[in-house]
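Single-structure report; data block below.
What follows draws every value from the coordinates through simple rules; no lab data is involved. Note that the structure is predicted; figures quoted are calculated from it, not measured.
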Amino acid sequence: MIKTQDLQSHALFGGVSDEGLAMIISLFKQASYEKGAYVVKEGEQGSRMFFIRQGKVEVLKNTDATPPSRLLAILSAGDTFGEMELVDVQRRSASVRALEQLNVWTLSNEDMYEIYVRDKDVFIIILMNIVREISRRLRKMDALIASSIYGNATALA
């Protein structure tokens, strides 16, 4: 059973009222994945974002390429992935694989539309939080690219 306190640990729900959180809880689906299982694969059509409740995942780029894929990130409880597909409706930009037993909650495009219909203020807060999360990740990737191009290890700090 998901509780409002569970969602408050996720950055995407920062600023959402208890009433808004209760409405969102009613839309969540739960899923579990075994260690080593792919949750999503790069290039797939995506329509769902994931909230890690328990476990860790690795985010991989070019899983089907030679040479093998590159590790982009490791995410754990409290982190999210798949937000980009809800914003730009493009194919998955990376693969995500469970590093251990994984339990997640998911929201789909349809769920986000339902939030929009029920409470536009809650929808706007969530959308702003998604944009902040994507921006944070972009800044981190910019620093990583700059450090690899210019050899500046301090860019990752």
Listed residues L107, L12, L138, most fluctuating in the chain (Gaussian network, C-alpha, under 10 Å): L138
Ellipticity estimate at 222 nm from DSSP helix runs (n ≥ 4, -39,500 (n - 2.57)) divided over the chain, nearest 500: -12000 deg cm²/dmol
Taking only Cα atoms of segment 1-121, radius of gyration then Dmax in Å: 14.8, 49
Among V131, V89, V117, residue whose mean-square fluctuation peaks in a GNM of the chain (springs only between Cα atoms under 10 Å): V117
Crossing angle, helix 120-150 versus the chain [Cα axis fit, 0-90 degrees, rounded to tens]: 10 degrees
